[in-house]
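Q: The structure's right below; bear with me while I get my questions together.
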Amino acid sequence: MATVLKKKSSKLVKGRERKFKVSAINVVLHPHSEKLYVNFFRDIFVSDDPVKVRGQSAVMIGSCFSMNDGRDVDGLSGVIYKFFKLDASEPWFDTKKKSAADRREVSKISIPDHLKPHLEEFSYVFFPKGHRLYFVTKRTGGQLSANFLLSYLERVSQRAEFAKYGEVKFTIEPDSDAVTRILNLKRIKSLSIDYYKPNPDDQKSAEAKMKLRLSNQNVKRVQTKLTEASNKGISPDDDTKVLAKIASSNGSVEAVGEGSDGKIVSLSTKSHPLVEEVGYDSNTQTERGSLQSFVAGLHARIVSRK
């Protein structure tokens, strides 16, 4: 009997396609050193006590690998774990009886403390040079918001063992057009620029000049608010535009003004985090491999425009 060969259906081929979204966080330490950033991130990894961030949801860095034959300064990658950190002492609910569970039934439950339910895994890449953390923020069946991960990093870095690093600042990287949309408002009634001392790699950049200026004045944070003098609105000059650009990755930029339709709007870089969509073939690439390939170019663009 002749063998019948069947063509793969288009549905099956389409099933190979996977998509995820990427966001980023800027990590700033002083003094500047790629090795310092490596040590800091690895210390976060070895600090393996899960941090409860919101409700019962907790997170921790689950793995940390060098991306280039042991050269940590070229980049680190791994997986972030998000799961439930349940408090077994809290009341339990009996869905059959539709009432609080009987204490005797609850006492029979025995789940080892090291086992946590509702696990979600998210790949990440951290570049010490340019000190940006890139991570999968959303995919089918899972979401790790930038604010959620930011809260985790802030809480971990406040532990006693991280005191040696001094003050650490984290800023969610905004959408590349966020500042442009703010500065291009039809009328800017007020403009607030809030930023911490940056720590750039390029010593000739505007960020480097600002870092030197703030260091010479013993200043770590700048808060500036501009208010219009008349109903013509604020006309940001080049210096103000540069400050806004620096603040976008090292703090925040906010404005109140009129949009093109004449309606009053409030805009903030905090409300528009960077979100990039990535597609890959799961038959030939892993999520982490695809993330590494994509963020190499994204990182170059982000760092070069500062």
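Q: Can you classify segment 153-283 as rounded, prolate or oblate using the Cα gyration tensor, where a ≥ b ≥ c are the square roots of its eigenvalues, rounded means a/c under 1.5, and otherwise it's prolate if a/b beats b/c and oblate if not?
A: Here segment 153-283 falls in the oblate category.
Q: Could you please report the charge total around Val136, scoring K, R as +1 and D, E as -1 over all other residues with beta-carbon less than 13 angstrom from its beta-carbon?
A: Working: positive: Arg18, Lys19, Lys21, Lys82, Lys138, Arg139, Arg288; negative: Glu120, Glu121, Glu276, Glu277, Glu287.
Overall, the nearby charge balance is +2.
Q: Sticking with this structure for a sec: Can you give the net charge of the other residues whose Cβ lies under 13 Å from the Cβ of Phe122, counting K and R as +1 and D and E as -1?
A: With Lys, Arg at +1 and Asp, Glu at -1, the net is +2.
Q: Taking a 1.4 Å probe, which of Asp175, Asp49 shows the most accessible area, and what order do the others take after it? Walk me through the intermediate numbers first.
A: Working: Asp175 45, Asp49 85 Å².
From most accessible down to least: Asp49, Asp175.
Q: Sorted by average packing, counted as other Cβ atoms within 10 angstrom per residue and highest first, what order do 265-274, 247-256 take?
A: Working: 265-274: 17.9, 247-256: 23.0.
Those peptides, ordered most packed to least, come out 247-256, 265-274.
Q: While we're on this one: Can you pick out the pairs among Lys164/Lys241; Lys35/Lys189; Lys82/Lys129 whose Cα atoms lie more than 32 Å from each other? Could you put the intermediate results ahead of the total?
A: On the way: Lys164/Lys241 35 Å; Lys35/Lys189 44 Å; Lys82/Lys129 27 Å.
Listed pairs above 32 Å: Lys164/Lys241; Lys35/Lys189.
Q: Computing the accessible area with a 1.4 Å probe over protein heavy atoms, can you report the carbon and sulfur percentage for segment 151-252?
A: Numbers: 2480 of 5660 Å².
Reported share for carbon and sulfur atoms: 44 percent.
Q: Still on this structure, please answer the following. Pairs to check: Lys138/Lys169; Lys169/Lys209; Lys186/Lys220; Lys21/Lys186. Give those whose C-alpha atoms are more than 29 Å from each other in this structure.
A: Working: Lys138/Lys169 24 Å; Lys169/Lys209 19 Å; Lys186/Lys220 33 Å; Lys21/Lys186 31 Å.
In this structure, Lys186/Lys220; Lys21/Lys186 exceed 29 Å between Cα atoms.
Q: Report the FRET efficiency, 1/(1 + (r/R0)^6), for Ser271 and Asp69, where r is their Cβ-Cβ distance and R0 is 51 Å, rounded to 0.05.
A: Values: r = 41 Å, r/R0 = 0.80.
The pair Ser271/Asp69 has a calculated efficiency of 0.80.
Q: Ok, one more. In a shell of Cβ-Cβ distance under 14 Å around Asp175, excluding Asp175 itself, what net charge do Lys and Arg (+1) and Asp and Glu (-1) give?
A: Working: positive: Lys21, Arg181, Lys245, Lys270, Arg301, Arg305; negative: Glu173, Asp177, Glu276, Glu277.
Local net charge: +2.
Q: Grab the Cα-Cα distance for His32 and Lys129, subtract it from 0.36 nm times how many residues apart they are, and report the gain in nm with one decimal.
A: Working: separation 97, 0.36 × 97 = 34.92 nm, distance 0.99 nm.
Working it through step by step, the gained length comes to 33.9 nm.
Q: Calculate, in nm to one decimal, what Arg221 and Glu120 gain on full extension: separation in residues at 0.36 nm each, minus their alpha carbon distance.
A: On the way: separation 101, 0.36 × 101 = 36.36 nm, distance 3.63 nm.
Stretched out fully, the Arg221 to Glu120 stretch lengthens by 32.7 nm.
Q: Taking a ≥ b ≥ c as the square roots of the eigenvalues of the Cα gyration tensor of segment 122-165, is the shape rounded (a/c under 1.5), prolate (a/b larger than b/c) or oblate?
A: On the way: a/c = 3.34, a/b = 1.58, b/c = 2.11.
Judged from the Cα gyration tensor, segment 122-165 comes out oblate (a/c at least 1.5, b/c at or above a/b).
The values are calculated or read from the model by the stated rules, or taken from the named source; none is laboratory data. These numbers come from a predicted model, not from an experiment. FYI the Cβ positions are ideal-geometry reconstructions off the backbone, even for glycines, and counts take in every protein chain you see. Ligands, DNA and RNA are stripped out before the accessible areas are found, and what is left, the full protein with its side chains, is counted by its heavy atoms. Shrake-Rupley method; radii C 1.70, N 1.55, O 1.52, S 1.80 Å.
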